[in-house]
Amino acid sequence: MRSYLILSMCVLFLIHYFIDLIWLEYIVVVFALLSFIISTMNSSGFPRWIGIIMMGTGMILEINKGTGLDGISEGILLILPLLCLVTLAPLLSLPLKLGGYFESVDSLLRNLLNHPQRLFAGITTTLFILSPILSLGSVRIISEFLSDLKLPSAMSAKSYLIGFSTAVMWSPYFASVTLVLYYLEMPVGKYILYGLGISFLSLLVGNVLFAIWERRYPLDRPSDPEIPLENRTRNQLIQLAMFTFFLMFTSLTIEYFTQWSMIVVVSIISIILPLMWGAISNSWKRLYPHWRTYLDQSVPMMNNEIMLFTSAGLLGHAIQGTTFANEISQFLTSVANQSFILFALAVMVIVLVVTYVGIHQIAVISALAMQLNAQELGISTLSLAMLLLLAWSISSALSPFSGLNLMVSRIVGISGFEVGLRANGLHLSIVAILGIGIIMFVR
């Protein structure tokens with residue numbers, strides 16, 4: 001029942017996007033609030049209390065601003081596209097599961113065991129390709145493949161964070177990219193090449209640093225003989241890369257010709273693609289069990305995401321226009337007019353401090369994206385988008401309360417502090433410096 005409520009919310013929002021009816025808007029908001037309440041009831045621990053605090057604070061701020069229920073509705077409507085993306089995007093994985101592509105990835109990684117540096121490159125590159133489609137599920141899948149190999153915790157922590165955090169900066173199938181560009185009203189097509197550039201640079205830096213680390217701390221290499229990859233496995237790996245490219249190309253093409261929001265484009269593709277796969281391959285019987293798993297397990301498991309994204313989105317909207325937000329905006333504008341480097345560092349520090357205490361990136365970066373004006377800052381909208389996404393990527397890796405950090409620390413068995421700062425602090429620092437340098441050239 002819970003899954004059908006959440007999916008109904010998504011479908012109604014997509015209908016509302018194309019048919020702008022006031023009464024339908026209210027229904028969508030009610031469904032979103034009900035989804036938040038149900039998700040909160042089924043959550044526990046620290047995320048639950050953070051979600052309740054952010055939602056309560058957001059509502060209080062809207063009431064104090066005088067916007068009341070209209071402000072609350074507007075804040076929830078602004079975050080609804082992201083909720084749809086998070087809920088529907090996992091459907092993209094169904095064709096990959098049916099096609100046996102994950103087994104090919106498993107074969108590739110096992111084939112690289114005798115070469116730690118190649119294995120590290122294989123893990124990070126695989127996550128770079130899979131993360132846009134599977135989100136955090138990609139980390140879970142790779143960790144299951146490698147669970148019996150007993151890799152060192154430091155190696156796992158480095159590879160998972162480096163591989164996944166790159167996608168945060170470029171993929172239109174990710175909440176970070178779609179949300180920032182949505183608020184800045186910037187087409188994904190004008191940004192994606194720059195995001196890919198910084199992501200490739202991050203991937204390169206991470207692999208170089210691991211090569212240096214591995215020389216200092218050599219890994220025990222298995223004595224098992226290497227088994228060459230079968231042609232079928234090689235072909236499936238190529239098809240997997242082409243599948244990702246096809247998704248990106250299709251999304252950008254539809255956005256370019258229709259001018260629809262990329263979030264809406266991705267949500268629609270997520271619904272249509274599995275249906276097309278089932279029709280073309282005539283695999284409805286094989287598809288049905290995966291659909292049931294999605295309904296019974298995948299959607300209910302999104303309690304924390306739905307709760308945190310809804311509350312953080314409302315809080316980010318509520319902060320906009322407050323005295324505190326205006327003062328921060330004036331401060332950052334003043335700093336930007338004096339030095340771009342100081343402005344970039346100030347944004348980084350604000351995002352890192354706020355997220356490190358448990359507030360989700362959506363709240364702080366949404367507030368900054370809605371509050372800051374690129375022209376007043378003396379920079380381009382592209383530069384502002386790149387900076388905010390760079391800050392999002394670094395904070396998601398460093399913050400011990402981010403979904404990525406929490407999952408990796410649970411998988412490798414070390415604390416969030418060790419996963420973020422100790423295992424990846426140097427890599428993230430170098431990427432931040434290089435990223436800010438690149439943004440200076442395009443601003």
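Brief remarks on what is shown
- All positions within segment 59-73 that are surrounded by 17 or more Cβ atoms within 10 Å (Cβ to Cβ) and more than 24 Å from H16 (Cα to Cα): L61
- Matching residues in segment 309-344 - criterion: being part of a helix (DSSP H, G or I), over 13 Å from I365 (Cβ atoms) and either in contact with a His (Cβ under 8 Å, 6 or more places away or on another chain) or of a type in the set (S, T, Y) (or both): T310, S311, T323, S329, T333, S334
- Unmet requirement for R48, which otherwise passes all of (1) at pLDDT below 90; (2) under 18 Å from I79 (Cα atoms); (3) touching a helix residue (DSSP H, G or I) at 6+ places or on another chain (Cβ under 8 Å); (4) not hydroxyl-bearing (S, T, Y): (2)
- T250 being within 21 Å of R118 (Cβ to Cβ) and touching a helix residue (DSSP H, G or I) at 6+ places or on another chain (Cβ under 8 Å): no
- Spans of helices (runs of 4 or more DSSP H) in segment 87-199 with at least 3 residues closer than 24 Å to S402 by Cβ and at pLDDT 80 or above: 116-134, 137-146, 153-167, 175-184
- Listed by first and then second residue, the pairs linking a residue in segment 281-302 that is within 30 Å of S44 (Cβ to Cβ) to a residue that is among the basic types (K, R) and assigned to a helix (DSSP H, G or I), with Cβ atoms under 7 Å apart and 6 or more places separating them unless they lie on different chains, are H290/K97; P300/R2.
- The residues listed here are I227, I271; of these, the one that is at pLDDT 85 or above and either on the phi < 0 side of the Ramachandran plot or assigned to a helix (DSSP H, G or I) (or both) is I271.
- Which listed residue is crowded, with 24+ Cβ neighbours inside 10 Å and either in contact (Cβ under 8 Å) with a residue 12 or more places away in the chain or touching a helix residue (DSSP H, G or I) at 6+ places or on another chain (Cβ under 9 Å) (or both), from L388, L421: L388
- Hits in segment 7-37 - residues which are at pLDDT below 90, of a type in the set (V, I, T) and surrounded by 15 or more Cβ atoms within 10 Å (Cβ to Cβ): none
- When segment 424-443 is filtered for residues that are crowded, with 18+ Cβ neighbours inside 10 Å and assigned to a helix (DSSP H, G or I), the ones remaining, listed by number, are N424, H427, L428, V431, A432, G435, I436, I439.
- Between T57, T67, the distinction of being within 30 Å of V357 (Cα to Cα), out of contact with any Ser or Thr (no Cβ under 8 Å at 6 or more places or on another chain) and at pLDDT 90 or above belongs to T57 only.
- Complete set of residues in segment 136-174 that are under 22 Å from L434 (Cβ atoms), hydrophobic (A, V, I, L, M, F, W, C) and within 16 Å of the chain's Cα centre (by Cα): L161, I162, F164, A167, V168, M169, W170, F174
- Residues of segment 340-384 that are small (G, A, S), crowded, with 24+ Cβ neighbours inside 10 Å and closer than 20 Å to G313 by Cβ: A363, S366, A367.
- Lone unmet requirement of (1) within 18 Å of the chain's Cα centre (by Cα); (2) surrounded by fewer than 22 Cβ atoms within 10 Å (Cβ to Cβ) for I133: (2)
The values are calculated or read from the model by the stated rules, or taken from the named source; none is laboratory data. These numbers were taken from a predicted model, which means no experiment stands behind them. Note that each Cβ is placed from the backbone with ideal geometry, even for glycine, and that neighbours are counted across all protein chains shown.
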